[in-house]
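Here's the structure, in structure tokens; my notes come after.
A short reminder: the numbers here are calculations on the coordinates, not readings from a lab. What you see is a predicted model, and the numbers here were worked out from it, not measured in a lab. Here the Cβ positions follow ideal geometry from the backbone for every residue, glycine too, while neighbour counts run over all protein chains shown.
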Amino acid sequence: MDDILAPLQDIFEGQIDFHGQRIAEILSTGLLILSGVVAFFVGYIYQDMHLTLWVGFAGTLITGLSVIPPWPMYNKNPEKWHVPLAGSVGGARVVVDGPKAA
């Protein structure tokens, strides 16, 4: 069962790196500002508030579709994490005022 669920888990887990988060933030901010400006001018030209809201909604939907899924472009620079030591089976030990706490 794990062989079937592992690929689905990788898809829905949403792995993106720190550089990808920065790109997603800049892209979402830019697209939302652009869609708001376009919606304002379309509504102003046509004098239609209903059309303004629909253009703004379409821009928000496009922004969401471009930022929310974990596209591969957001995970091009993954972090290199340290491998845990083989001998540390007992877990981390924390020293608090002298005695060891588990």
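Observations, loosely collected:
- Only residues that are over 20 Å from the mean Cα position of the chain (by Cα) and among the acidic types (Asp, Glu) were counted in region 32-81, giving 1.
- Top-ranked residue of region 12-60 - restricted to ones that are assigned to a helix (DSSP H, G or I), of a type outside the set (Gly, Ala, Ser) and touching a residue at least 40 places away in the same chain (Cβ under 8 Å), ranked as surrounded by the most Cβ atoms within 10 Å (Cβ to Cβ): ILE23
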